[in-house]
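One structure is given here, and the rest of the page talks about it.
The values are calculated or read from the model by the stated rules, or taken from the named source; none is laboratory data. What you see is a predicted model, and the numbers here were worked out from it, not measured in a lab. Quick reminder, even Gly has a Cβ in these numbers, built from the backbone with ideal geometry, and neighbours come from all protein chains shown.
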């Protein structure tokens, strides 16, 4: 079994768009009363096969979102996208979340729920069938989706790895 190699990308010289996945209000009860803070999960992507996620925590919502965006820019991953869809079916998992991604015909659209939809649209995927199983915790669903996307390989990479012609990948 070969280890999967995740290609890290630097955030310089690419235009990234950010999407807010979830905001969580956290309460700490102290002697003086309740103290509220916020945690924001943010996904950034260039809609051309680069995506990243980040978590920001702060006392104000805007500060938490800004921190999340900065964190997401540090965790960028290059993903294989083939004609607006994923190259093959793949499972991803993180914690209690399990996701399944399946290629779809052109015009199908992104059939996915909240946190998965944000990741898939940020990566630039326009047609995909997706299913989230297990935990629906947005943080774990985002990480599981990126795990599934990072496992994707395009036919050219497979032909190089096996040392065979590209036609043999499809025809056996």
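For this structure, a couple of remarks:
Yes/no matrix, rows are residues, columns are (1) within 13 Å of the chain's Cα centre (by Cα); (2) modelled with pLDDT of 95 or more:
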position	(1), (2)
28	no, no
54	yes, yes
62	no, yes
66	no, yes
85	no, no
121	yes, no
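- Restricting segment 4-25 to residues that are surrounded by 11 or more Cβ atoms within 10 Å (Cβ to Cβ) and out of contact with any helix residue (DSSP H, G or I) (no Cβ under 8 Å at 6 or more places or on another chain) leaves a set whose member that is modelled with the highest pLDDT is 24.
- Residue 144 in a helix (DSSP H, G or I) and within 19 Å of residue 41 (Cα to Cα): yes
- Screening residue 136 on (1) touching a residue at least 12 places away in the same chain (Cβ under 8 Å); (2) crowded, with 16+ Cβ neighbours inside 10 Å; (3) within 30 Å of residue 37 (Cβ to Cβ) shows it passes everything except condition (2).
- Residue list for segment 73-83, filter: closer than 15 Å to residue 155 by Cα and either out of contact with any strand residue (DSSP E or B) (no Cβ under 8 Å at 6 or more places or on another chain) or surrounded by fewer than 19 Cβ atoms within 10 Å (Cβ to Cβ) (or both): 80, 81, 82, 83
- All told, residue 126 meets the bar of being part of a loop (DSSP other than H, G, I, E, B) and modelled with pLDDT of 90 or more.
- Which numbered condition residue 37 fails, given (1) over 24 Å from residue 154 (Cα atoms); (2) part of a strand (DSSP E or B); (3) at pLDDT below 95: (3)
- Candidate set: segment 147-164, residues that are in a helix (DSSP H, G or I) and in contact with a strand residue (DSSP E or B) (Cβ under 9 Å, 6 or more places away or on another chain); chosen: the one nearest to residue 95 (Cα to Cα): 147
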